[in-house]
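Q: Starting off with a structure, shown below.
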Amino acid sequence: MRGGKFTDYKIGSGNVFRDLGLPDAEELNTKANLAIEIARLIRKRGLTQIEAARMLGIDQPKVSAIVRGRLDKFSVERLCELLTRLGCDVDIRGQERRRKTLGKLTVSVA
């Protein structure tokens with residue numbers, strides 16, 4: 001930092017896991033976004049972790065793991081299933097890209 005201003009910075013790619021050079025960055029990003037939506041819905045509904053666990057059909061420590069971002073024991077498919085148990089539709093679509101680059105996976109809940 002020079003004179004109170006940053007001089008060197010890098011604009012992120014939109015995927016912090018890719019920016020950190022982690023393997024499976026796309027999967028990690030997808031899982032994180034799914035978990036964020038699950039946690040958001042639990043908060044929005046004012047559910048305790050025990051109430052959420054009953055609704056999701058899992059135990060409370062698994063709910064705690066999800067809301068704390070400890071997702072190594074959860075697959076993308078399992079997190080999608082939990083969203084459906086919260087009353088969300090999960091829509092997975094494929095669309096061919098015009099450019100010859102890798103596609104992307106986006107998570108959004110309306």
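Q: Can you tell me which residues in the range 43-80 are in a helix (DSSP H, G or I), of a type in the set (Asp, Glu) and farther than 15 Å from residue 29 by Cα? Outline the logic, then answer.
A: Pass one, the range 43-80, residues in a helix (DSSP H, G or I): 43-44, 49-56, 60-67, 76-80.
From what is left, the residues that are of a type in the set (Asp, Glu) are 51, 77.
Hit for the range 43-80 is 51, nothing else.
Q: Also: When the residues of the range 32-42 are filtered to those that are buried (at least 17 other Cβ atoms within 10 Å of the Cβ) and touching a helix residue (DSSP H, G or I) at 6+ places or on another chain (Cβ under 6 Å), which remaining residue is farthest from residue 106 (Cα to Cα)?
A: Across the range 32-42, the extreme among qualifying residues is 42.
Q: Continuing with the same structure: For the range 27-61, enumerate the residues that are touching a Phe, Trp or Tyr at 6+ places or on another chain (Cβ under 8 Å) and over 17 Å from residue 90 (Cβ atoms). If you could, list the steps in order and put the result at the bottom.
A: If we filter the range 27-61 for residues that are touching a Phe, Trp or Tyr at 6+ places or on another chain (Cβ under 8 Å), which is where we start, we get 28-29, 31-32, 35.
Correct list: 28 only.
Q: Oh, and also: Of the numbered conditions (1) among the aliphatic types (A, V, I, L, M); (2) under 25 Å from residue 12 (Cα atoms); (3) assigned to a loop (DSSP other than H, G, I, E, B), residue 39 fails exactly one; give the number of that condition.
A: (3)
Q: Also: Cβ contacts < 8 Å: first residue touching a residue at least 40 places away in the same chain (Cβ under 8 Å) and surrounded by fewer than 16 Cβ atoms within 10 Å (Cβ to Cβ), restricted to the range 43-54; second residue assigned to a helix (DSSP H, G or I) and among the β-branched types (Val, Ile, Thr), any location; separation 6+ or different chain. Result?
A: Listed by first residue and then by second, the contacts come to nothing, as the list is empty.
Q: Another question about this same structure. Pick out the one residue from 16, 63 that is buried (at least 16 other Cβ atoms within 10 Å of the Cβ), of a type in the set (A, V, I, L, M, F, W, C), out of contact with any strand residue (DSSP E or B) (no Cβ under 6 Å at 6 or more places or on another chain) and without any contact (Cβ under 8 Å) to a residue 60 or more places away in the chain.
A: Answer to the check: 63.
Values quoted throughout were computed directly from the atomic coordinates according to the rules given, and no laboratory measurement underlies them. Every value quoted in this text rests on a predicted model; they were computed, and no experiment measured them. For neighbour counting, all protein chains shown are included, and Cβ atoms are generated from backbone atoms with ideal geometry for every residue, glycine included.
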